[in-house]
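What follows is a set of notes on a single structure, which appears directly below.
No lab work stands behind these numbers, since they all come straight from the coordinates. Just so you know, these numbers come straight off a predicted model, no measurement behind them. Note that we place each Cβ from the backbone using ideal geometry, even for glycine, and neighbour counts take in every protein chain shown.
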Amino acid sequence: MARLQVQLLNESSVENDVSSAGSLVCVGVGMTLGSHLTPLSRSYIEDADVVFAATSDGIVELWLAKMNRDVRSLQSFYREGKSRAETYRQMVAAMLTEVRAGKRVCGAFYGHPGVFAGVPHDAIERARREGFDARMEPGVSAEDCLYADLGIDPGRYGCQHFEASQLMLYRRRIDPTAYLVLWQVGVAGDRSLMRFATGADYRQVLVDVLTRDYDPGHEAIVYKVATLPTQRPRIERTTIAQLPATEIDMHVTVVIPPAAPLQPDEQIRERLAALDRLGEQMS
Amino acid sequence: MTDAIDFLEQLGRNSRLRHAHTAELQQAMAGARIDPKVRNALLGDDTQQLGALLGAEPNVCCLIVKPD
């Protein structure tokens, strides 16, 4: 026991030495308050000198404030009419300032800090480039919850994920035999990055993009994860054509189920069969 | 009286309550002596009112990625 205590003390001393150089860890707090936070991520939050929080709502921030005395919301950087590119740069800069000051910094992000989350990736890359210890700890993402709530297995037919505006702005190849998951549909088509919502006209453009590959009457599932344990997820089944008329905010994700059966690739199947035959002859 | 945030955390990590029906939630909230206004906000899924009652800052935005 005494040896273990000494060892823990030594590790603690090492941690203190390292922390004097400053460090950054970005953790995911999951999607639902109380349900998803991993023991390791909680430990990072509790042990940090300062925690920067980007959560799904202010109530989750209050929860984090119970784990650490210095929790700073990143919400203050947002402003409608200001480019989110600038907002994200400022968020990264705020975290890096404290890392450079020698503090153990924790970025606590809702969901998974590395899934549809540019700020944690940028902050970690920058910190590492400057020679600081920086890492990411995964969390339960909206994508994970979506699979559970909608009963979807991405391995069954395959699953494509696109940020909605990126799908609109670039020529992407959609595979209608797989699931298609569209993120940030509430700001679909916002080229300025200055809005917190676009609207029906912009979603109609998205519909026009989708109907290059899908029938307008094909199913679209509007999904919103439960962020409080008293909530139920929003699961609204509609059609692609109805998306402009459907209430969709920045929290919503849209899922398009497969629209066509998997197409066998006879040429590849024949090549594989030939290899099988060859193997049988050799054995 | 249990703090509402502590109550929510306990609810979130409790397999018997996480997906409880309204009557069970009401019972749990009564047992924890949660403020009646907070109870109503939780049962009505009025997150704006709940945030105001608990002193949470309203969230401006939740997006943390931009399309390239």
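Figures for the structure shown
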quantity: Signed unit charges on C-beta, dipole axis of the range A:10-123, positive-most listed residue A:112, A:43, A:21; calculated: A:112
quantity: Estimated dipole of the range A:139-199 in Debye, rounded to 20 [Cβ of Lys and Arg +1, of Asp and Glu -1, Cα centre]; calculated: 380
quantity: Cα centre as origin, Lys/Arg/Asp/Glu Cβ charges: chain B dipole, Debye; calculated: 200
quantity: Within chain A, longest stretch free of exposed GluC sites (Glu not before Pro) [DSSP loop, at most 15 other beta carbons within 10 Å]; calculated: A:131-246
quantity: Crossing angle, helix A:118-129 versus chain A [Cα axis fit, 0-90 degrees, rounded to tens]; calculated: 50
quantity: Total charge dipole magnitude, the protein assembly as shown, about the Cα centre, Cβ charges on Lys, Arg, Asp, Glu only, Debye to nearest 20; calculated: 380
quantity: Quotient of C-alpha Rg and 2.2 N^0.38 Å, computed over the range A:78-226; calculated: 1.22
quantity: Average partner coverage of A:73-85, which counts Cβ from other chains inside 10 Å; calculated: 3
quantity: Members of B:37/B:66; A:224/B:66; A:66/B:66; A:224/B:37 lying beyond 27 Å, as alpha-carbon distances in this model show; calculated: B:37/B:66; A:66/B:66
quantity: With 5 Å bins from 0: P(r) over chain A, alpha-carbon pairs, percent; calculated: 1, 5, 10, 13, 14, 13, 12, 9, 7, 6, 4, 3, 2, 0, 0
